[in-house]
1. So which residues in the stretch 30-42 are in contact (Cβ under 8 Å) with a residue 12 or more places away in the chain and either in contact with a Lys or Arg (Cβ under 8 Å, 6 or more places away or on another chain) or not polar (S, T, N, Q) (or both)?
2. Considering the stretch 26-58 alone, what residues qualify as being over 24 Å from the mean Cα position of the chain (by Cα) and surrounded by fewer than 17 Cβ atoms within 10 Å (Cβ to Cβ)?
3. For the stretch 254-325, which helices (runs of 4 or more DSSP H) that fit wholly inside it have 2 or more residues that are farther than 23 Å from residue 7 by Cα, out of contact with any His (no Cβ under 9 Å at 6 or more places or on another chain) and in contact (Cβ under 8 Å) with a residue 40 or more places away in the chain?
4. Of everything in the stretch 381-437, what is within 20 Å of residue 278 (Cα to Cα) and among the polar types (S, T, N, Q)? Give them in sequence order.
5. Just checking, how many residues over the stretch 356-374 are under 15 Å from residue 396 (Cβ atoms) and modelled with pLDDT of 65 or more?
6. Report whether or not residue 174 is more than 30 Å from residue 97 (Cβ to Cβ), modelled with pLDDT under 95 and buried (at least 19 other Cβ atoms within 10 Å of the Cβ).
7. Would you pick out the residues in the stretch 255-274 that are out of contact with any Leu (no Cβ under 9 Å at 6 or more places or on another chain) and over 18 Å from residue 406 (Cβ atoms)?
8. Confirm whether residue 77 is at negative phi, in a helix (DSSP H, G or I) and surrounded by fewer than 16 Cβ atoms within 10 Å (Cβ to Cβ).
Amino acid sequence: MKKLALHWKILIGMILGILFGFLALQFGWQQFITDWIKPLGTIFVKLLKLIAVPLIVASLIKGISDLKDISKFKNIGVRTIFIYMGTTVVAITIGLLLVNVIQPGDGVAQETVDKLTNTYANSSSITSKITEATKQQSNGPLQFVVDMVPDNAINALGNNKAMLQVIFFTIFLGISMLLVGEKKSKPLKSFFDSLNEAVLKMVDLIMLTAPVAVFALLANVVVTSGDPEILLALLKYALVVVIGLCIMVVFYCILVSIYAKKNPLWFLKQLSPAQLLAFSTSSSAATLPVTMERVEEHIGVDKEVSSFVLPVGATINMDGTSLYQAVAAVFVMQVLWPEGLAFSNQMSIVLTALLASIGSAAVPGAGMVMLVIVLESINFPKELYPVALALIFAVDRPLDMLRTVINVTGDATVSMVVAKSVGKLGEPHVKNWDDHYDEVK
């Protein structure tokens, strides 16, 4: 009997998790889910985050030290940044076009706005998002560059939120290893090569539990979801975001087909476990170890490319989130501030959403912080911030799950495009968790 592929196991786990969540709502089992089911998903996400920094450090140093030529790394870095900026601008533009054509804000009744305001406007979640956005707004124009440079490498390596600092330190170390010469750097290179293999094996082992974990994660999402009536009232807005995200998938498939010369359906199939995890966790940072494993072993992108492009992408490339910013900002203006729908404001949204995506954390809910920054750039009335966030808060979690899928897909697509451009896109070489099991059993 043929072994069931991992993506099918994860998909089955997701469907069962959703069904079990709805069953729990009917029978009042919410506390059971919280006490006995949710921890399984939490442990899984913590395991992925546990190996994220070691994997980035080991993989990136191996990639740089294998280059033998610093100019190649510069070539990869420049192409990566420009392509990421290009795909983000495309995403924002698609979002703006859709929201202006469909105009979802025109169908929202005042009663719905009042109900959302009463339900969410004073919640601690929304006030914390506004506080965080205000803090980021007060920073200088080069603050994100300052924040990239750590003053303590150990602290940076111990903080999953300091991903850019980890990448900076690792690149600095990798280039320094090249400059001291192959003979002197060989012991350190051997250590990181071995660490890279061990951490990738940890990814394989963690993924054995993925179907159970996504069952737990999705069941918890269902029992903690908001008022169904409010969700239906915001359905038109949510559909605009979903349509935009689907168009982004088509855009990625065109890039994969025309430039990378690969079958887009094959690409989506190979990446599907990472996409399903991105949907379940709402975090491109937590999904990063799986994304790297799928792109390197199952798609054939050389580690020299993937070890830089993917960690950087998980931090600065948020196509799905940027598209959502454009739709959400204009939707909020259509409902609360129609006089602000000027062309100049919409051009400001493009620029601010692009810049905000670079400094935004790759964690659940970061999109709402970015939205406040975008609204600030167009002088949206500050007294309406709580109402604006309340307006989209009810459907933010399911949309967050979907846009994280697009973020991860965009990272993988750009890694293929960059790899193809530098001649580093080869054939897949899949490694299984039990490849060496017979040697130790």
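The values are calculated or read from the model by the stated rules, or taken from the named source; none is laboratory data. Given the structure is predicted, the values throughout are model-derived calculations rather than measurements. As a convention, Cβ positions derive from the backbone with ideal geometry for all residues, glycine included, and neighbour counts pool all protein chains shown.
1. Of everything in the stretch 30-42, those that are in contact (Cβ under 8 Å) with a residue 12 or more places away in the chain and either in contact with a Lys or Arg (Cβ under 8 Å, 6 or more places away or on another chain) or not polar (S, T, N, Q) (or both) turn out to be 33, 37, 38, 39, 40, 41.
2. Listed by number, the residues that qualify are 26, 27, 28, 30, 31, 32, 34, 35, 36.
3. 303-316
4. 404, 407, 409, 413, 415
5. Of the residues in the stretch 356-374, 8 are under 15 Å from residue 396 (Cβ atoms) and modelled with pLDDT of 65 or more.
6. Criteria met by residue 174.
7. 258, 259, 263, 266
8. When the stated conditions are applied, residue 77 passes them.
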